[in-house]
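The values are calculated or read from the model by the stated rules, or taken from the named source; none is laboratory data. Worth saying up front: this structure is predicted, and the values here are computed from it rather than measured. Cβ placement follows ideal geometry from the backbone for every residue including glycine, while neighbour counts extend to all protein chains displayed.
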Amino acid sequence: MEEVLWKIQKVRELMEEKSLSSFLITRNDNFSWITAGGRGWVVSGSDSSVAWVLVTNNSAYLVSNNIESRRLLENEVSEDFKLLEYKWYESPLDALRKYMGKFPASDGTVEGFLNLSEDIKNIRMRLSEWEIKRAEKIGTEIEETFEEILKSSNPNMTERELAGLLNLEFTKRGYELPVLLVFSNRTRNLYRHNLPGDEKLGQFFFASICARKSGLVLSITRSVAFGKIPDGIEDQHMLNTKIDAEIISKTETGKSLGDMFFKIREVYIKYGQEAEFEKHHQGGIAGYNSREEKATPDSPIILEPGMLIAWNPTITGTKSEDTFLLMEDEREFLTFTRNSKWPKLKFEIEGKFVERPGIMVL
């Protein structure tokens, strides 16, 4: 597969730069990255893959125990990888030891390997042309599925029931939902991360998901009212989305996430919401995790073309969030496309228009 060979070459370039004999991939995010979307997990919440990938100057190996190797070879990885198989009770390090060379590195803490987790993450965060095409398709699917399910809700449905529908429909379409939050009319004012419970949705709710397919994770939030929008919510949602629009308009290549932290805080201050800024992180770079890197004061990570960005500004009780692709001179929204049938709010920011989702009234 062309994409896999390109990624193996990117690892080899890192090896040459660092004078390494091999590079070992052990994390699920990096396993999905180098295999072009392969699922390296059995326990989905684990950071560690059940199989590893070892890249040398001449070969790329799938290092797997005898439990997982057939499934991985048939369903998750391309023929570009040679199998190094070991018994389930043996150490994977024994299987690869004679191939690793004198100067090996890895994407984590592995005895005898130099930890270069940040170096491989910096490569992973800038999407290739193949990944961009997948992300565009995935974003449209997420948008359509999520909005369709939310439109089928009713005020007597519980948070847990809506979460069940979301899990069902996304699973049918080949997705996992590593983050699934539903905020009823009551719980939206209590928590920034509300795990679904037995509270009824009530007159107004919003839901947030991070959906993963082919390794890529995109985020989306939408708000729904039944009958009419409760007093005060429409104005607050408008303010929340305007803050989001201004943050998006300030997101440009060449800026660091540290720069963005202070610019985002300035936007909150501008609209008298500085206290709200302190209550929740604002998001950052997405990709093979819901957030590869968040905007923090000291982050040196530079925004580059090909990065996925997901900001999530909140005011207690409302939230605005979508995923977009950052390009050299523009931004392409992946989860809020022109074809969306959701209400749209249009903001003019420094002569350019930014659209954000409004509240759907059912």
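Within the stretch 137-172, the set of residues being surrounded by 15 or more Cβ atoms within 10 Å (Cβ to Cβ) and more than 23 Å from the chain's Cα centre (by Cα) comprises Ser153, Pro155, Met157, Thr158, Glu161.
Inside the stretch 107-140, residues that are at pLDDT 95 or above, of a type in the set (Ser, Thr, Tyr) and within 18 Å of Arg27 (Cβ to Cβ) make up a count of 1.
I'm checking my understanding of the structure. Among residues of the stretch 198-210 that are touching a Lys or Arg at 6+ places or on another chain (Cβ under 9 Å) and part of a strand (DSSP E or B), which one is farthest from Lys279 (Cα to Cα)?
Start the filter on the stretch 198-210 by keeping residues that are touching a Lys or Arg at 6+ places or on another chain (Cβ under 9 Å), which leaves 198-200, 202-208, 210.
Filter again for part of a strand (DSSP E or B), leaving 200, 204-208, 210.
On the way: Lys200: 25, Phe204: 22, Phe205: 20, Phe206: 18, Ala207: 18, Ser208: 17, Cys210: 20 Å.
Selected residue: Lys200.
Output the number of residues of the stretch 231-251 satisfying the condition of being loosely packed, with under 15 Cβ neighbours inside 10 Å and not in a helix (DSSP H, G or I). Qualifying residue count, the stretch 231-251: 2. If you scan the stretch 328-362, which residues turn out to be at pLDDT below 95 and either surrounded by 14 or more Cβ atoms within 10 Å (Cβ to Cβ) or not assigned by TED's automatic domain parsing to the domain that holds Ile247 (or both)? Arg331, Thr337, Ser340, Ile349, listed by residue number. The residues of the stretch 44-59 that are surrounded by fewer than 24 Cβ atoms within 10 Å (Cβ to Cβ) and either outside the structural domain of Arg27 (by TED's automatic domain parsing) or in contact with an Asp or Glu (Cβ under 9 Å, 6 or more places away or on another chain) (or both), listed by number, are Ser44, Asp47, Val50, Asn57.
Candidates in the stretch 283-299 are the residues that are among the polar types (S, T, N, Q) and under 17 Å from Leu325 (Cα atoms); of these, the one that is farthest from the chain's Cα centre (by Cα) is Asn289.
Of the residues Leu190, Leu195, Leu165, the single one that is in contact (Cβ under 8 Å) with a residue 12 or more places away in the chain and under 27 Å from Phe277 (Cβ atoms) is Leu195. Could you count how many residues in the stretch 70-107 are of a type in the set (Ser, Thr, Tyr), in contact (Cβ under 8 Å) with a residue 40 or more places away in the chain and surrounded by 17 or more Cβ atoms within 10 Å (Cβ to Cβ)? Total satisfying the criteria: 2.
Within the stretch 274-286, one or more residues are loosely packed, with under 14 Cβ neighbours inside 10 Å, of a type in the set (Gly, Ala, Ser) and in contact with a helix residue (DSSP H, G or I) (Cβ under 9 Å, 6 or more places away or on another chain).
The set of residues in the stretch 41-69 that are out of contact with any strand residue (DSSP E or B) (no Cβ under 9 Å at 6 or more places or on another chain) and free of Cβ contacts under 8 Å to residues at least 12 places away in the same chain contains only Asn58.
Taking the stated definitions as given, is Leu62 crowded, with 17+ Cβ neighbours inside 10 Å and touching a Ser or Thr at 6+ places or on another chain (Cβ under 9 Å)? Yes; evaluated as a whole, the condition is true for this residue.
Restricting to the stretch 300-331, and then to whatever is more than 17 Å from the chain's Cα centre (by Cα) and outside any strand (DSSP E or B), can you tell me which residue is nearest to Glu129 (Cα to Cα)? Going through the qualifying residues, I end up with Met327.
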